[in-house]
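Student: Structure in structure tokens, see below.
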Protein chains: 2
Amino acid sequence: MKADIINPFIESIINVLSTMANTTAQQGKIFLKKDNLAKGDVTGIIGMAGEKAKGSLAISFTEPVILHVASNMLGEKYTTLEPIVIDMVSEIVNMVLGSVKNTLAEKGYIFDMSIPSTISGHNHNVSHKTIGPVIIVPFMTSIGDFFIEVCFESWD
Amino acid sequence: MKADIINPFIESIINVLSTMANTTAQQGKIFLKKDNLAKGDVTGIIGMAGEKAKGSLAISFTEPVILHVASNMLGEKYTTLEPIVIDMVSEIVNMVLGSVKNTLAEKGYIFDMSIPSTISGHNHNVSHKTIGPVIIVPFMTSIGDFFIEVCFESWD
């Protein structure tokens, strides 16, 4: 996966959290996923599928981070992972991928988006079945960390 | 969602488990998902995306069922949710949706498949962000139960 594939994901999540949730996220060091030890409390997953490219995007939040983000987005204080908070995770992956989709289309990677799903449950693991690498990008906020996982395969 | 959409999913999972894992699955009563109480220990999720249709398929197994299925598929006894077992869940959602894709294409619903993801962690919840219904189909086997969740939106 080239840098010009992963960069739109990074820019998009920083932009969405900044504009929608007034939350500044700082990108950490990108690494290749080697095992499934990266864990979150709530994860949004959305698929990308096209004739010449497919992939998936997962965004995993720890509970404090998504509670902060959802509270800012909705203008009300949330203290538990209730349905409306979970719903926000779907909204976020949808918005992030929507923006990425437009950017990658300009680079010739055309794909459509699937319906996002959200998984909640303390310390769950996410893994992806891909022949290519899984890229993890950690992010730091003032409340805690979160990370995104991107896998992307294209063939022309 | 019409019956002719959900039926290929049901036929496909029964067929895959029968031929690949020598496991007979009996379909239970289909219902609409009202909350997120349906829980599994390991869930495979794969997205469907096309110009006129999008959706997602989730298959949630309890630990005893997937251990039995993976042991039969691989010809070796597995007793914990190790990576190769998790991998089988991705294979299963991939195979099930691959067959569904062909059947729905004949009905005029064209879509591509995303890269499958797998979530493991006891008692996790799955939810989907869709404007349409989420259909749950429970299945019974001699070892225990599992269920599939399907959401599908099309517009022409």
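Student: Being modelled with pLDDT under 95, in contact with an Asp or Glu (Cβ under 9 Å, 6 or more places away or on another chain) and either over 29 Å from B:I86 (Cα atoms) or not in a helix (DSSP H, G or I) (or both) narrows it down to one of A:K34, A:K54, so name that one. Break it down into steps so the answer makes sense when it comes.
Tutor: On the way: A:K34 fails: in contact with an Asp or Glu (Cβ under 9 Å, 6 or more places away or on another chain).
Criteria check complete, one pass: A:K54.
Student: Oh, and also: Looking at (1) outside any strand (DSSP E or B); (2) among the acidic types (D, E); (3) within 15 Å of the chain's Cα centre (by Cα), which is the only condition A:E149 fails?
Tutor: Every listed condition holds for A:E149 apart from (1).
Student: Right, another one. State all residues of region B:37-51 that are more than 16 Å from B:L17 (Cβ to Cβ), small (G, A, S) and in a strand (DSSP E or B); if no residue qualifies, say none.
Tutor: Hits for region B:37-51 are B:G47, B:A49.
Student: Right, A:G121: in contact with an Asp or Glu (Cβ under 6 Å, 6 or more places away or on another chain), among the small types (G, A, S) and either more than 7 Å from chain B (Cβ to nearest Cβ) or surrounded by 21 or more Cβ atoms within 10 Å (Cβ to Cβ) (or both) or not?
Tutor: Values: in contact with an Asp or Glu (Cβ under 6 Å, 6 or more places away or on another chain): no; among the small types (G, A, S): yes; either more than 7 Å from chain B (Cβ to nearest Cβ) or surrounded by 21 or more Cβ atoms within 10 Å (Cβ to Cβ) (or both): yes.
Judged against the criteria, A:G121 is not a match.
Student: Right, another one. So, B:L81, is that one surrounded by 15 or more Cβ atoms within 10 Å (Cβ to Cβ) and either modelled with pLDDT of 95 or more or not in a strand (DSSP E or B) (or both) or not? If you could, list the steps in order and put the result at the bottom.
Tutor: Numbers: surrounded by 15 or more Cβ atoms within 10 Å (Cβ to Cβ): yes; either modelled with pLDDT of 95 or more or not in a strand (DSSP E or B) (or both): yes.
Taking the combined requirement at face value, the residue satisfies it.
Student: Then there is this: For region B:138-156, enumerate the residues that are among the aliphatic types (A, V, I, L, M) and surrounded by 20 or more Cβ atoms within 10 Å (Cβ to Cβ). I'd like the intermediate steps shown before the answer.
Tutor: Taking region B:138-156 and keeping what is among the aliphatic types (A, V, I, L, M), we get B:140, B:143, B:148, B:150.
Correct list: B:I148, B:V150.
Student: Let me ask something additional. Go through region B:57-78 and give me each residue that's small (G, A, S) and assigned to a helix (DSSP H, G or I). Break it down into steps so the answer makes sense when it comes.
Tutor: Restricting attention to region B:57-78, the residues satisfying the condition of being small (G, A, S) are B:58, B:60, B:70-71, B:75.
Within region B:57-78, B:A70, B:S71 qualify.
Student: Which residue, of B:I119, B:I115, is assigned to a strand (DSSP E or B), under 22 Å from A:A58 (Cβ atoms) and among the aliphatic types (A, V, I, L, M)?
Tutor: Details: B:I115 fails: assigned to a strand (DSSP E or B).
Unique residue meeting the criteria: B:I119.
Student: Being within 11 Å of another protein chain (Cβ to nearest Cβ) and assigned to a loop (DSSP other than H, G, I, E, B) is the filter here, so list the residues in region A:97-112 that pass it. Give the derivation first.
Tutor: Here is the first cut: in region A:97-112, the residues within 11 Å of another protein chain (Cβ to nearest Cβ) are A:97, A:101, A:110-112.
Matches in region A:97-112: A:I110, A:F111.
Student: May I pose another question? Name the single residue that is nearest to the other protein chains (Cβ to nearest Cβ) among those in region A:71-91 being touching a Ser or Thr at 6+ places or on another chain (Cβ under 8 Å) and polar (S, T, N, Q). Can you show your working first?
Tutor: Of the residues in region A:71-91, the ones touching a Ser or Thr at 6+ places or on another chain (Cβ under 8 Å) are A:72, A:77-78, A:81, A:83, A:86-87, A:89-90.
Keeping just the survivors that are polar (S, T, N, Q) gives A:72, A:90.
Working: A:N72: 19, A:S90: 3 Å.
Applying the filter and picking the extreme gives A:S90.
Student: Considering only region A:26-53, how many residues are within 27 Å of A:A105 (Cβ to Cβ) and buried (at least 23 other Cβ atoms within 10 Å of the Cβ)?
Tutor: Going through region A:26-53, the residues within 27 Å of A:A105 (Cβ to Cβ) turn out to be A:27, A:30, A:32-33, A:43-53.
In the following step, the residues that additionally are buried (at least 23 other Cβ atoms within 10 Å of the Cβ) were identified as A:43-49.
Result for region A:26-53: 7.
Student: Something else about it: Restricting to region A:124-136, count the residues that are outside any strand (DSSP E or B) and within 7 Å of chain B (Cβ to nearest Cβ).
Tutor: Within region A:124-136, the first condition is being outside any strand (DSSP E or B), and the residues that meet it are A:129-134.
Add one more test, that the residue is within 7 Å of chain B (Cβ to nearest Cβ), and what stays is A:129-130.
Counting residues in region A:124-136 that are outside any strand (DSSP E or B) and within 7 Å of chain B (Cβ to nearest Cβ) gives 2.
Student: Looking at the structure I just gave you, is A:N94 modelled with pLDDT of 95 or more, within 13 Å of another protein chain (Cβ to nearest Cβ) and farther than 30 Å from B:V85 by Cβ?
Tutor: Yes; evaluated as a whole, the condition is true for this residue.
Student: Would you check if A:E76 is touching a residue at least 12 places away in the same chain (Cβ under 8 Å) and either exposed (fewer than 14 other Cβ atoms within 10 Å of the Cβ) or under 30 Å from B:D87 (Cβ atoms) (or both)? Write out each step before concluding.
Tutor: On the way: touching a residue at least 12 places away in the same chain (Cβ under 8 Å): no; either exposed (fewer than 14 other Cβ atoms within 10 Å of the Cβ) or under 30 Å from B:D87 (Cβ atoms) (or both): yes.
Taking the combined requirement at face value, the residue does not satisfy it.
Student: Restricting attention to region B:13-70, report how many residues are in contact with a strand residue (DSSP E or B) (Cβ under 8 Å, 6 or more places away or on another chain) and within 11 Å of chain A (Cβ to nearest Cβ).
Tutor: Of all residues in region B:13-70, those in contact with a strand residue (DSSP E or B) (Cβ under 8 Å, 6 or more places away or on another chain) come to B:13-14, B:25-33, B:36-63, B:65-66, B:69.
So of that shortlist, the ones also within 11 Å of chain A (Cβ to nearest Cβ) come out as B:36, B:39-58, B:60.
Looking only at that region, the number is 22.
Student: Among the residues of region B:92-107, count how many are without any contact (Cβ under 8 Å) to a residue 24 or more places away in the chain and either within 24 Å of A:S56 (Cβ to Cβ) or buried (at least 17 other Cβ atoms within 10 Å of the Cβ) (or both). So that I can check it myself, show each step before the final result.
Tutor: First, the residues of region B:92-107 that are without any contact (Cβ under 8 Å) to a residue 24 or more places away in the chain: B:98, B:102, B:105-106.
Retained after the next criterion (residues that are either within 24 Å of A:S56 (Cβ to Cβ) or buried (at least 17 other Cβ atoms within 10 Å of the Cβ) (or both)): B:98, B:102, B:105.
Counting residues in region B:92-107 that are without any contact (Cβ under 8 Å) to a residue 24 or more places away in the chain and either within 24 Å of A:S56 (Cβ to Cβ) or buried (at least 17 other Cβ atoms within 10 Å of the Cβ) (or both) gives 3.
The values are calculated or read from the model by the stated rules, or taken from the named source; none is laboratory data. Predicted model, so just to flag it, every value in this text is computed and none were measured. With ideal geometry, Cβ positions are generated from the backbone for all residues, glycine too; neighbour counts draw on all protein chains shown.
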